[in-house]
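> Before I ask anything, let me first share the structure, which is written out below as structure tokens.
The values are calculated or read from the model by the stated rules, or taken from the named source; none is laboratory data. All values derive from a computational prediction rather than experimental measurement. A quick note on method: Cβ atoms are made from the backbone with ideal geometry, for glycine too, and the neighbour counts reach across all protein chains shown.
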């Protein structure tokens, strides 16, 4: 793999692993990879695994959830 023509911008080559942000009642965090990102605000994204992702986000069902359309 060639790096010719690749950017030299600071932070451009950084990969960040996102783990699930879910904490149980004892304060123990989930250790699964957080593949679903949900914006809390413009500066903060919370990451969740499939098991802990929100059931509804911005009025849409969770990934893989049922899509129910009412009306014509």
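> If I filter segment 26-54 down to residues being exposed (fewer than 15 other Cβ atoms within 10 Å of the Cβ) and part of a strand (DSSP E or B), which single residue comes out as modelled with the highest pLDDT?
29
> Looking for something touching a strand residue (DSSP E or B) at 6+ places or on another chain (Cβ under 7 Å), at pLDDT 75 or above, surrounded by 10 or more Cβ atoms within 10 Å (Cβ to Cβ) and not in a strand (DSSP E or B) - is there at least one such residue anywhere in segment 57-69?
The answer is no, given that none of the residues of segment 57-69 is touching a strand residue (DSSP E or B) at 6+ places or on another chain (Cβ under 7 Å), at pLDDT 75 or above, surrounded by 10 or more Cβ atoms within 10 Å (Cβ to Cβ) and not in a strand (DSSP E or B).
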